[in-house]
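The values are calculated or read from the model by the stated rules, or taken from the named source; none is laboratory data. On a predicted model such as this, the values are computed, not experimentally measured, just so you know. Positions of Cβ are backbone-derived with ideal geometry, glycine not excepted, and every protein chain shown enters the neighbour counts.
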């Protein structure tokens, strides 16, 4: 399943606030449009009615005629007054076609809307004392006023929305400084600093439970690390001494009873078991000391991997000769920055593991090349074929494949992975073309490490 992308709470708060304001503004704009349409239509209809009354009820020869012309020009209202088929008066720009169409299709008394010549018209017809008044007005005149009002309101809203976005953005960003400061404090925590988180500024009420639980967790981690350190120190003291004493006593017994043919063989088995226990202890202590989060704490020097590989093969030469393993080394002069002792331990564990699982009279191949601006150290053997299930679990502590007759603690590959992590590298396990296991180590070249 594809992982969902994280959502920014800060951006969501800003969007929610601004979008809610936009929604409220749009609703207000729609209400304003509705009210404006109603008021404009009502006002313009009253003006048409007033013009009609002035024409029908007053003497247009007097001063009212001038007022009628002013209203007609101002609101673009055209009129025509007819008495017994004769036109008594009409507006200066009266359009005959419009009034003829109105008389034929909309002669009923009152207001109506007429479509003529691709344009909507507001019409008014009034009959009084044998006279008929026709008044018309293009509806776009009324809509122009409505649109002008709405456009002004929309422009004001747009400015207010921009100001609101700026104010909300700055306000939310300021409030989130506490969260960013808390995140920074958490990111700075390490095994050396597990003290409670103390915010210098007043905490947000919603963050207080989270900070309290984080402090409780830090305290538990601190106690767990102290317990682990005490265990490591106790194990180092309590287990090394007895194992060393047993080793010495076995040596004494071997020399004392060397004339007994069967006893030395039994003592040798005991000595091997003690050596294995000592090795497991040393590996556990080494694993506990390594901290991948502190790669800069390591003492590093320029190292030639070919030289380290040669030293490892010399150290394991008796074991390799015992199994009659043929070792082929293809080395290039490649250097890395690293800790000599740790890299030696890592390579020794890998070679030792390959020799253990290789068949007698088997083959072991080691290659050192440059791949994608990195140093590649690769070892493969012709031992037992590994499955995908085994490959997935290689590198886990104490993991050993079921059914194997080879002795081991299951810690060697785990230690290797941790050492390579400390050197900003990578360990890859895969099937070998030689039928066994292939282990690939990728490390930054010395000249490319900052």
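What pairs can you find where one residue is in the range 26-55 and more than 22 Å from residue 74 (Cα to Cα), the other is modelled with pLDDT of 85 or more and in a helix (DSSP H, G or I), and their Cβ atoms are less than 7 Å apart, with a gap of 6+ or different chains?
As it stands, the answer is 29/153; 29/154; 29/157; 32/153, since those pairs meet every condition given.
Could you list, ordered by first residue, the pairs with Cβ atoms under 6 Å in which the first is in the range 316-343 and in the same structural domain as residue 424 (by TED's automatic domain parsing) and the second is part of a helix (DSSP H, G or I) and at pLDDT below 85, at least 6 apart or interchain?
335/446; 336/446; 337/446; 342/419
How do the strands (runs of 3 or more DSSP E) wholly within the range 60-179 filter down when requiring 2 or more residues that are without any contact (Cβ under 8 Å) to a residue 40 or more places away in the chain, within 60 Å of the chain's Cα centre (by Cα) and within 23 Å of residue 47 (Cβ to Cβ): which remain?
Answer list for the range 60-179: 110-116, 119-128.
Looking at 126, 95, which one is modelled with pLDDT of 75 or more and either on the phi < 0 side of the Ramachandran plot or not assigned by TED's automatic domain parsing to the domain that holds residue 145 (or both)?
Residue meeting the stated conditions: 126.
From the set of residues in the range 56-88 that are at pLDDT 80 or above and buried (at least 16 other Cβ atoms within 10 Å of the Cβ), which is nearest to residue 130 (Cα to Cα)?
Among residues in the range 56-88 that are at pLDDT 80 or above and buried (at least 16 other Cβ atoms within 10 Å of the Cβ), the one nearest to residue 130 (Cα to Cα) is 82.
Looking only at the range 423-450, which residues are assigned to a loop (DSSP other than H, G, I, E, B), at pLDDT below 85 and out of contact with any helix residue (DSSP H, G or I) (no Cβ under 8 Å at 6 or more places or on another chain)?
432, 433, 434, 435, 445, 449, 450
Conditions: (1) modelled with pLDDT of 80 or more; (2) within 20 Å of residue 353 (Cβ to Cβ). Residue 290 meets all but one. Number of the miss?
The single condition residue 290 does not satisfy is (1).
With a cut-off of at least 2 residues that are modelled with pLDDT under 85 and touching a helix residue (DSSP H, G or I) at 6+ places or on another chain (Cβ under 8 Å), name the helices (runs of 4 or more DSSP H) lying wholly within the range 304-419.
In the range 304-419, 340-357 are the helices (runs of 4 or more DSSP H) which contain 2 or more residues that are modelled with pLDDT under 85 and touching a helix residue (DSSP H, G or I) at 6+ places or on another chain (Cβ under 8 Å).
In the range 1-50, which residue that is in a helix (DSSP H, G or I) and modelled with pLDDT under 80 is surrounded by the most Cβ atoms within 10 Å (Cβ to Cβ)?
In this case the residue turns out to be 10.
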